[in-house]
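**Q** Following this message is one structure expressed as structure tokens.
The values are calculated or read from the model by the stated rules, or taken from the named source; none is laboratory data. Keep in mind the model is a prediction, meaning the values are calculated, not measured. Don't worry about glycine lacking a Cβ; one is built from the backbone with ideal geometry, like all the others, and counts go over all protein chains shown. Just so you know, the surface numbers come from the protein's heavy atoms only, side chains and all, with ligands and any DNA or RNA stripped out. Shrake-Rupley method; radii C 1.70, N 1.55, O 1.52, S 1.80 Å.
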Amino acid sequence: MKKTNKRYIAALVVGLSLVAAACGSSDDAAEEETPAAAGGELEGMKGTMPLVALSDEFSSGMNEFWVAAGNAELTDFSYAAEAFDSVMLVALAAEAAKTDGSALAGEIMNVSRDGEVCTEFAACVELIKAGTDVNYEGVSGPQDMNGNGEPIKASYGVLTFDATNRFDYADAEYILADLPESDFVDLEPPTVERAGDGVLKIGTLLPETGNLAFLGPPEFAGVEYAISLINAAGGVLGKPVEYVQGDSGDTSTDTASTTVDRLLGESVDAIVGAASSGVSLTVIDKITAAGVLQISPANTSEKLSTYADNGLYYRTAPSDILQGAVLANLIAGDGNQSVYIMALDDAYGTGLAASIGKNLEAAGVTVLGTKIYDPAAATFDAEVGEVVAANPDAIMLITFDEGSRILRTMVEQGIGPKVKMVYGCDGNMGNALGENFDAGE
């Protein structure tokens, strides 16, 4: 890891110690809770996800829109704001570039930073038409883009499961993180030319099915709500934005590739997704080679930070370069001296595991082992058995929806969250985890 990143880790310690004080140390947890105490088996498990305190205006407005469209009310808002901002950035970039062609990708960074601040689409467009550089401040945070297409600022929420095996977003503790200027890179303009037709058409590559399907509803809601507001404000380039929905599935299927073929066949200008970094890596070449912008609301793998993407890949979720430091300092700040990491075998899982591991060692915490597992495995008895044998102070779970089955196995083997400090991350920190655990799934 670069020395700059180590300095960055040190800068986070003060903020994280405040979080640790609010959430309690591992010693405090041991005094207040015992394995035999009443409450849900996930009580005390905590983790992080990119998160800001969403305004009531945004969350209620999106929910009303979503329900009116015939959907169930949202109870989980994971990555809804990032999906919303992905669409807003694409639309504003198209206005700035005066085209829905591939050249719009070169304006994403420009409309996200170093200009006059604006927060509403109509106000931003008015400034752009007046020749003013704009700095769109999104509902998910500043969205100031680095030249490699990812945010240089991030807000993480620390969420803790309670006795109902759920958490309340209102109880989140927030950590702000910034990439050091030494890690800033220049913009890579799009290298594939594709002409526009004057109508911005956005497709989605988001999880209707697969191991991240629990993220689908809030992400789809964010995209569709943004498009509705944009069109109500007059659309883009004087015409309504068109929308084509698509399923990403997961890496165990070819759903994403099939969806991308369909979206490209329907001449979309931008694709929002995938949620999974591993899925994005299976289709990014196909998308960007076609001169189409890909922008993900949830990809966090470090591998995408330096990927050869023809200047056409962006993401509104921060890289795991930041999340790895945040999680490591959270674990260390809780007083843990040793950790065992379990991570699913894909680009996201292995990358975040490596980032957390390096940062833990730098913080003086011993990593007793890192188990990279097959998320499609029928059982996780053997993997959890290795953790039991290692007997760490804390366990870091980097999972998708199979995390509920891993946690059930951990409880059965006596190392659940009521016995050990257990930590999650953006891949599993949703209330769907508790719902699946309760349902035995």
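**Q** Tell me which residues, restricted to region 151-178, are in a loop (DSSP other than H, G, I, E, B) and not β-branched (Val, Ile, Thr). Please lay out each step first, then the result.
**A** The initial filter retains those residues of region 151-178 that are in a loop (DSSP other than H, G, I, E, B), namely 152, 161-168, 172.
Once the filter is applied, which keeps residues that are in a loop (DSSP other than H, G, I, E, B) and not β-branched (Val, Ile, Thr), region 151-178 yields 161, 162, 163, 165, 166, 167, 168, 172.
**Q** Return the pair list, or none, for Cβ contacts closer than 7 Å from residues in region 111-138 that are under 21 Å from residue 52 (Cβ atoms) to residues that are modelled with pLDDT under 95 and open to solvent by 80 Å² or more (accessible area, probe 1.4 Å), at least 6 apart or on different chains.
**A** 135/114
**Q** Here are some conditions: (1) at pLDDT 50 or above; (2) under 29 Å from residue 324 (Cα atoms); (3) buried (at least 23 other Cβ atoms within 10 Å of the Cβ); (4) among the hydrophobic types (A, V, I, L, M, F, W, C). Residue 16 meets all but one. Which one does it not meet?
**A** Residue 16 satisfies all of (1) at pLDDT 50 or above; (2) under 29 Å from residue 324 (Cα atoms); (3) buried (at least 23 other Cβ atoms within 10 Å of the Cβ); (4) among the hydrophobic types (A, V, I, L, M, F, W, C) except (1).
**Q** Here are some conditions: (1) of a type outside the set (Ser, Thr, Tyr); (2) assigned to a loop (DSSP other than H, G, I, E, B); (3) out of contact with any helix residue (DSSP H, G or I) (no Cβ under 7 Å at 6 or more places or on another chain); (4) open to solvent by 40 Å² or more (accessible area, probe 1.4 Å). Residue 122 meets all but one. Which one does it not meet?
**A** So the condition that residue 122 fails would be (2).
**Q** While we're looking at this one, here's another question. Select from region 92-119 the residues that are open to solvent by 50 Å² or more (accessible area, probe 1.4 Å) and assigned to a loop (DSSP other than H, G, I, E, B) and write down the one among them that is farthest from residue 138 (Cα to Cα).
**A** Filtering first and then ranking leaves 98.
**Q** Quick one: is residue 286 open to solvent by 10 Å² or more (accessible area, probe 1.4 Å), of a type outside the set (A, V, I, L, M, F, W, C), assigned to a helix (DSSP H, G or I) and under 18 Å from residue 353 (Cβ atoms)?
**A** no
**Q** Just the residues that are open to solvent by 50 Å² or more (accessible area, probe 1.4 Å) and either at pLDDT below 95 or assigned to a helix (DSSP H, G or I) (or both), please, taken from region 214-250.
**A** Selection gives 217, 229, 231, 232.
**Q** Of the residues 191, 204, which single one is in contact with a strand residue (DSSP E or B) (Cβ under 7 Å, 6 or more places away or on another chain) and either modelled with pLDDT of 95 or more or open to solvent by less than 20 Å² (accessible area, probe 1.4 Å) (or both)?
**A** Details: 191 fails: in contact with a strand residue (DSSP E or B) (Cβ under 7 Å, 6 or more places away or on another chain).
Only one candidate passes the filter, namely 204.
**Q** Another question, if that's okay. Note down all Cβ pairs under 7 Å where the first residue falls in region 346-361 and is free of Cβ contacts under 8 Å to residues at least 40 places away in the same chain, the second is open to solvent by less than 20 Å² (accessible area, probe 1.4 Å) and part of a helix (DSSP H, G or I), and they're at least six residues apart or on different chains.
**A** Short answer, once both residue conditions are applied: 360/328; 360/331.
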